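Take a look at the structure set out below.
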Amino acid sequence: MSTSLILLIILIVGLAAYFAGRARATASSKGKLSALHSLPGYHGVYVAIWAVLPAAFVLAIWLLASPFFIENSVRSALPDTVKSQGTATIELMLGQVMQVANGLKRLNSDELAAVTSGSSNLRDALAAKGVPMANAGEPYMVEAAQHYNSLRDGSRWVMSVAVLIIAIAGAVFAIRGISAPFRARNRVERVMLGTLLVASSIAILTTVGIVGSMLSEAIRFFQSVSPSTFFFGTVWDPRFSAAGSGGTEGQFGLLPLLAGTLYIAFVAMLFAVPVGLFAAIYMAEYAKPVVRGIAKPLLEILAGIPTIVYGFFALVTVGPFLRDISAQLNGLVTGNYVNFIQAQSVLTAGLVMGIMLIPFVSSLSDDIITQVPRSLRDGSLGLGATRSETIKRVILPAALPGIVGALLLTASRAVGETMIVVLAAGVAARMQLNPFEAMTTVTVKIVNQLTGDLEFNSPQTLVAFALGITLFAITLCLNIYALYIVRKYREQYE
Amino acid sequence: MNMMSEAAVEKALDQKMNTVPFKMIGKDVSVYYGEKRALFDVNLNVRENTVTALIGPSGCGKSTFLRTLNRMNDTIDSCRVTGKITLDDGDIYDPSIDVVELRARVGMVFQKPNPFPKSIYENVTYGPKIHGLARTKAELDQVVESSLQKAGLWNEVKDRLHESGTGLSGGQQQRLCIARAVAVSPEVILMDEPCSALDPIATAKVEELIHELRTNYTIVIVTHSMQQAARVSQRTAMFHLGNLVEENDTDKMFTNPDDQRTQDYIMGRFG
């Protein structure tokens, strides 16, 4: 039986259990529904849960655990000549055995007999069925594959029976427990709670898992490069990882990348904050509902554009434009038509990233500004203040903590932004202050280090994890601080 | 003369009510919110240095009328006002009128205390700073002290002027808002149910304050409490369904009103 068929059967059993539970509860109420502690539906759900949950749980465990046991058994059945060649070879052969096992299932009995007796070529027979093999295969493989197949089939059969029995047993057990005063409602409630808990812990565990894996790779990196040279190094020159060299000749200084990241984020914020904030003030305070209804979604469309498109825009439009206009300007002033802005520069990346950030700043700030109570506006206007005086002296000060929080959230986006800087910032890792020159960022270098043909045990690639975890730490701190400020501000008006 | 009780003096003052000049004149005032008409040709005059109470059941248009007096309705997009309202013979809806200047002359105190999230000192100096009424620190100090004195709050807050205004109790906050309005030296003060969010003791203090402010300011107050209207006002106007039903001396209004609806409302038969 296939897994989906077993699942379907479990669900059918569950459905039957639901109706059985309902019927039993209705019967035990003796025609007076109010005599029941819980409505019949709850009893039904309770029984169905007993039928489905344990069975599904056992099914899941079995599916996860059985391949492990079967492979172990096959592994120990491999010939000693293979076993003596070390784990790598054993795993390789095991992989081939499974490939063969998979292929054998597609052969009909005649072909199978031919293969097992050795009269037909294993590789050709399998290739005819669309299962490729790396080499001709050896006789022990067919044997091991058959062993594997028989174990698998046996396991599957036992599993199907066991799961079905558990499903029915669960349903019977639950039905026997049903009586009028039985608190099915509360039990169902507890299962609901458990479901919600599991869902939320999956999200949290995933985060923990990602951080954990990044950390473990980063630690491997720090075994070959000392943390102090990474965090305080001023030269980024990772070299190439020549196969087998395993060399640490490269220099992995974080500071030039960090400087570029922060500089570009700063330029982006310099552009996005005033524009975004003014847009938010206009939307929240001046715009008529009709204008607001059209303009606000339009502004927020900007936030929906994939960042690769912005990067492209920077690469083919903004960068060349800045380069050309700088050449013209230079020509007008000095007569020498040489551009002083590079096409790939801090300014290009910052400008385009700023455009990307405008909707974030304006949308978040707009929410915060409209949260300032109307009574404060009225109070100020009632004293004869103009609108802009009211905004400047009452609304913005009241909204300031929230706006600062919004800006920090935006800044953490700017720091983590990848596609725009990959295309527009350049790859030169240097520390300098001229915004017209190219600089590079942490994210660009992560992309650089992980693209291409590479092995995953040299510092040249592992450094990406160290960079990633550093970036993660920075944005996490920014986010936590921002949320802290926003939350503190919320409390004022509630 | 000193044998006369205070109540008798008040009564004598009220008798002369008809000779008091008008401060603001409303003629055929109608207000529309979009398609909906909220006020129907109201003719109501406000006398100088008098407390005029606006009463009536919820939704009768009394707050709407109050807000037309300093054009606070302008802040509502869909709102439209027709008719004519004058302040000292100047049409306040004339296009040449500066609404900011108007609101400096006609101050407002709101239903819910709404001090700015700033210090008590800054709350009071907010208006004077905007209008350039005081330049130096000494002048500002002077304005703060006199405004808080007038609002009867000085003794309670003089030692903590630089603490936040939102940290005061509800009654203190409302008196701070009155001080804030007084600091701009308005001629008229509009009050929109100033005591509805306050407890009885704080209410008594604010009422007492209204009584004192009357000597220097013209006051228009919207209230839901008949007793409050009777206690603090000399003139009372009764609104119903967007119409002005009756406007009269407060004494007459509460003892022998001209209109049956006023009688019914005051007796608590509807509203």
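Looking at A:VAL372, A:VAL352, just one residue is touching a residue at least 12 places away in the same chain (Cβ under 8 Å) and crowded, with 24+ Cβ neighbours inside 10 Å, and that residue is A:VAL352. Is it the case that the stretch A:189-200 has a residue that's exposed (fewer than 12 other Cβ atoms within 10 Å of the Cβ), modelled with pLDDT under 85 and either in the same structural domain as A:GLU455 (by TED's automatic domain parsing) or over 18 Å from A:ALA464 (Cα atoms) (or both)? Within the stretch A:189-200, none of the residues are exposed (fewer than 12 other Cβ atoms within 10 Å of the Cβ), modelled with pLDDT under 85 and either in the same structural domain as A:GLU455 (by TED's automatic domain parsing) or over 18 Å from A:ALA464 (Cα atoms) (or both).
Could you tell me which residue of the stretch A:435-491 is surrounded by the fewest Cβ atoms within 10 Å (Cβ to Cβ), considering only residues that are of a type in the set (Phe, Trp, Tyr) and either touching a residue at least 60 places away in the same chain (Cβ under 8 Å) or in a helix (DSSP H, G or I) (or both)? In this case the residue turns out to be A:TYR484.
Say we look at the stretch B:152-174 and pick out the residues that are touching a residue at least 24 places away in the same chain (Cβ under 8 Å) and within 14 Å of chain A (Cβ to nearest Cβ); which of these is nearest to B:MET24 (Cα to Cα)? Filtering first and then ranking leaves B:GLN174.
Within the stretch A:431-452, being under 24 Å from the mean Cα position of the chain (by Cα) and not hydrophobic (A, V, I, L, M, F, W, C) holds for A:THR441, A:THR443, A:LYS445, A:ASN448, A:GLN449, A:THR451, A:GLY452.
Every residue, every condition in (1) surrounded by 14 or more Cβ atoms within 10 Å (Cβ to Cβ); (2) among the β-branched types (Val, Ile, Thr), yes or no:
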| position | (1), (2) |
| --- | --- |
| A:MET133 | yes, no |
| A:TYR140 | yes, no |
| A:ASN149 | yes, no |
| A:SER155 | yes, no |
| A:ILE165 | no, yes |
| A:ARG176 | no, no |
| A:ASN186 | no, no |
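Counting the residues of the stretch B:216-269 that are under 23 Å from B:ASN70 (Cα atoms), in a loop (DSSP other than H, G, I, E, B) and in contact with a strand residue (DSSP E or B) (Cβ under 9 Å, 6 or more places away or on another chain) gives 7. Within the stretch B:165-204, the residues that satisfy the criterion of being over 11 Å from B:LYS112 (Cα atoms) and either surrounded by fewer than 19 Cβ atoms within 10 Å (Cβ to Cβ) or among the polar types (S, T, N, Q) (or both) are B:THR166, B:GLY167, B:SER169, B:GLN172, B:SER185, B:GLU187, B:ASP199, B:PRO200, B:ILE201, B:THR203, B:ALA204.
Applying the condition of being at pLDDT 90 or above and at the interface with chain B (Cβ under 9 Å from one of its Cβ atoms) to the stretch A:388-426 and asking which residue is nearest to B:THR166 (Cα to Cα) yields A:VAL394.
I'd like the residue in the stretch B:95-132 that is part of a loop (DSSP other than H, G, I, E, B) and in contact with a strand residue (DSSP E or B) (Cβ under 9 Å, 6 or more places away or on another chain) and, out of all such residues, is farthest from the other protein chains (Cβ to nearest Cβ). This residue is B:ILE97.
Restricting attention to the stretch A:271-287, does a residue exist that is more than 14 Å from chain B (Cβ to nearest Cβ), part of a helix (DSSP H, G or I) and within 28 Å of the chain's Cα centre (by Cα)? Yes, some residue in the stretch A:271-287 is more than 14 Å from chain B (Cβ to nearest Cβ), part of a helix (DSSP H, G or I) and within 28 Å of the chain's Cα centre (by Cα).
Conditions tested, residue by residue: (1) among the charged types (D, E, K, R); (2) outside the structural domain of A:LEU92 (by TED's automatic domain parsing); (3) free of Cβ contacts under 8 Å to residues at least 60 places away in the same chain; (4) not in a helix (DSSP H, G or I).
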{"position": "A:THR116", "(1), (2), (3), (4)": "no, no, yes, no"}
{"position": "A:ALA125", "(1), (2), (3), (4)": "no, no, yes, no"}
{"position": "A:GLY130", "(1), (2), (3), (4)": "no, no, yes, yes"}
{"position": "A:ALA134", "(1), (2), (3), (4)": "no, no, yes, yes"}
{"position": "A:VAL142", "(1), (2), (3), (4)": "no, no, yes, no"}
{"position": "A:ALA145", "(1), (2), (3), (4)": "no, no, yes, no"}
{"position": "A:ASN149", "(1), (2), (3), (4)": "no, no, yes, no"}
{"position": "A:ARG152", "(1), (2), (3), (4)": "yes, no, no, no"}
{"position": "A:VAL158", "(1), (2), (3), (4)": "no, no, yes, no"}
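Of all the criteria given as (1) within 11 Å of another protein chain (Cβ to nearest Cβ); (2) crowded, with 18+ Cβ neighbours inside 10 Å, the one not satisfied by B:PHE65 is (1).
The values are calculated or read from the model by the stated rules, or taken from the named source; none is laboratory data. Everything numeric in this text was worked out from a predicted model, so none of it was measured. Every residue, glycine among them, receives a Cβ derived from its backbone with ideal geometry; neighbour counts consider all protein chains shown.
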